[in-house]
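Enquirer: This is the structure, below, for whatever I ask next.
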Amino acid sequence: MSLVQSVDNVALLPAYLAAGTAVLVLLADLLVSRAAGTVAVAAAGSVATVAGAAVVGAGGERRTFCVGADCSWVFGGRAALVAAVFGLLTLGVLALSGPLLRAGRTPVGEYCFLLACAMTGGVVLGGAGDLITLIVALETLTLPLYVLVGLRRGSLASAEAAVTFFVVSVVATTLTLLGAALLYAVTGGLHLGRLGATFEERPELLDLPLTTVAVALVVLGLAFKVAAVPFHAWAPATYDGAPLPVAAYLSTASKLGGVVALLAVVQLALPPTVTGPVLALLAVLTMTVGNLVALRQRRTVRLLAWSSVAQAGYILAPLGALALAAGRTADARAGAYAAAVAYAVFFVVLELGAFAAVVALRPADADGGTLDDLRGAARRHPWVGAGFALALIGLAGLPPGLAGLFAKVTVVRALLDGGAGWLALVVALNAVIGLAYYLRLAATLYAAPGPVEVGVRPARVVAAALAVATALAVVVGFAPQLVLDLAAR
């Protein structure tokens, strides 16, 4: 019997643009040999990828590499959102990398090429329709980051961080691949939709020990990627040892990739009755440990790293609630998935803003330093300090940071709709704990220089902060429902 496989090149356009960016960056570095030209090519390719994703996504869902009803590439609204976010994150990190690249210790061509390769993995990840494509895309996103973390020449901390990240990530990938192989042994398929349909048609497969082991390995392997407790130990050391723009990319793009992969397998492939309790436990441990350890941090990047661990717990919470309510509806499930995607999108935007402020406040090619190094920074740089404070307030989920507030409200509402009121209470309690270190860091920015406690804030700094907050509130106020609508597709 012959099988005819369809290929839709329009559906693949965002992936073509992202991969083409990597190739063009190499050619520009080889032929032009000018740092500004190489960075410009990478930035233009990122913009083209975002535009291509928006155009293709606006035309409705497109499928390709299909055999029958099973497709390895499915590009719809959510995939377009993921591709656009990865393109914008790459563009943002390129903008943050100016001081690092001008310092001359980091090769510009290799740096931009690796960023473009990681962006390609993120774009493909959003449209992956089977486990193999998903895992390969996740590794394409992650592999360049090993090199980027260790690309700061002459830094022992950077080299140690790269080795730590490499070893842990290889173990995580091995677990995921072993779980995928066992799932194939149980079901005879690897397409996400086919796996989900097989478990629905043959519920007796859920009683097999092999199924439980396979599901556990896939979930735990992907939990490494999002730095979920107890698979989080690599994150703080890696973030702190990496160059600041790379740490920003790690805490945003890498975590978003893990969330997208986990969401795809939980929503389409794996039975929620098995994954739900595991993810609920991971969510509680992740948000609680992340917040409690962040309270004790004195280094800026480590504090942001531990806070991102806690934020991963908030993202996992809606997924963990799916199997905890016997009477859950299709709307409740869709709301949980959309809440996880929306929270992830708003988190990466706010986290990138926080790292952008750290880059602006620290010397070129320096690490994040300690919290004391940022004391009074907002007095010296009012606009940057106001932006940093607003990002921290958004991560804490307080107004006027409407993006963070909306994200947390969306998660809590999804948990209540799914019947997991106790998990919503845990999220609320952890959000209160998180206020302590977010507000402490924000207060440090406005503190008087030296060992003096926070003093009276200058009126012009307060006015600037309110102006920035009002402007962003107006802009962001229109974004939440758009993101939620795209995530629900």
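Read-outs: derived from the displayed coordinates by stated rules, not from any lab. Note that the structure is a prediction, hence the values are computed from the model and not measured. Because the Cβ atoms are built from the backbone with ideal geometry, glycine has one as well, and the counts that use them run over all protein chains shown.
Enquirer: Tell me, Kirkwood radius of the stretch 339-387 from alpha-carbon pair distances, in Å?
Expert: Kirkwood radius, the stretch 339-387: 12.0 Å.
Enquirer: How high is the relative contact order of the stretch 132-224? Use alpha-carbon pairs under 8 Å, at least six apart in sequence, and give a whole percent.
Expert: Over the stretch 132-224, the number comes to 31 percent.
Enquirer: May I ask you to order 241-249, 176-184, 143-151, 127-135 by the average number of other C-beta atoms within 10 Å around their residues, highest value first? Each step should come with its number before you reach the end.
Expert: Details: 241-249: 28.1, 176-184: 19.8, 143-151: 22.2, 127-135: 23.8.
With the highest mean Cβ count within 10 Å placed first, the list reads 241-249, 127-135, 143-151, 176-184.
Enquirer: Scaled to the compact-protein estimate 2.2 N^0.38 Å, what is the alpha-carbon radius of gyration of the stretch 193-288, rounded to two decimal places?
Expert: In units of the 2.2 N^0.38 Å rule of thumb, it is 1.24.
Enquirer: Please report how far the C-alpha centroid of the stretch 243-278 lies from that of the stretch 112-135, rounded to the nearest whole angstrom.
Expert: 13
Enquirer: Let me ask you something else. Quick one: compute the contact order of the chain, relative version, from alpha carbon pairs under 8 angstrom and 6+ residues apart, as a percent.
Expert: Details: 875 pairs, mean separation 61.9, N = 489.
Once normalised by length, the contact order is 13 percent.
Enquirer: Further question: Be a star and scan the stretch 256-275 for residues whose amide nitrogen sits under 12 Å from the point 7 Å along the Cα-to-Cβ vector of Leu206.
Expert: Counting backbone N atoms under 12 Å from the label point, the list is 270-275.
Enquirer: So, one more: Using 7 Å Cα-to-Cβ label points, what is the Ala443/Val55 separation (nm, one decimal)?
Expert: 5.2
Enquirer: Would you compute, for the Cα atoms of the stretch 366-452, the largest minus smallest coordinate along each principal axis and list the three values in descending order, in whole Å?
Expert: Projected onto its principal axes, the Cα set of the stretch 366-452 covers 49, 24, 22 Å.
Enquirer: Hey, what D do you get for the stretch 132-252 in µm²/s if you plug the Kirkwood alpha-carbon radius into Stokes-Einstein at 37 °C and 0.692 mPa s? Working shown, then result.
Expert: Working: Rh = 15.6 Å.
Estimated via Stokes-Einstein, D reaches 210 µm²/s.
Enquirer: Determine the calculated [θ] at 222 nm for the chain from helices alone, applying -39500 (n - 2.57) to every DSSP H run no shorter than 4 residues and normalising by the residue count; nearest 500 deg cm²/dmol.
Expert: -24500 deg cm²/dmol
Enquirer: Calculate the FRET efficiency for Asn9 and Val170 from the Cβ-Cβ distance with a Förster distance of 51 Å, rounded to the nearest 0.05.
Expert: With R0 = 51 Å, the Cβ-Cβ based efficiency is 0.90.
Enquirer: Would you list Leu374, Leu270, Leu435, Leu304 from fewest to most Cβ contacts within 10 Å?
Expert: Ascending number of Cβ neighbours within 10 Å: Leu435, Leu374, Leu270, Leu304.
Enquirer: Also, quick follow-up: For the chain, with equal point scatterers placed on the C-alpha atoms only and solvent neglected, what are the log10 I(q)/I(0) values from the Debye formula at q = 0.06 1/Å, to two decimals?
Expert: With no solvent term, the Cα-only Debye profile gives -0.25.
Enquirer: Starting from the Cα gyration tensor of the stretch 1-127, multiply each eigenvalue by 5, take the square root, and state the resulting semi-axes largest first in whole Å.
Expert: Taking √(5λ) for each Cα gyration eigenvalue gives 32, 15, 10 Å.
Enquirer: When the Cα centres of the stretch 169-229 and the stretch 1-62 are compared, how far apart do they sit, in Å?
Expert: Rounded to whole Å, the Cα centres lie 31 Å apart.
Enquirer: Averaging sequence separations of C-alpha pairs under 8 Å and six or more residues apart, then dividing by the length of the stretch 1-127, give the relative contact order as a whole percent.
Expert: The normalised contact order for the stretch 1-127 reaches 34 percent.
Enquirer: Same structure, new question: Using the Kirkwood radius built from alpha carbon pairs, what does the Stokes-Einstein equation give as D for the stretch 28-71 at 20 °C and 1.002 mPa s, in µm² per second?
Expert: Estimated via Stokes-Einstein, D reaches 164 µm²/s.
Enquirer: Take the Cβ-Cβ distance between Leu425 and Ala216 as r, set R0 to 25 Å, and report the resulting FRET efficiency rounded to the nearest 0.05.
Expert: 0.40
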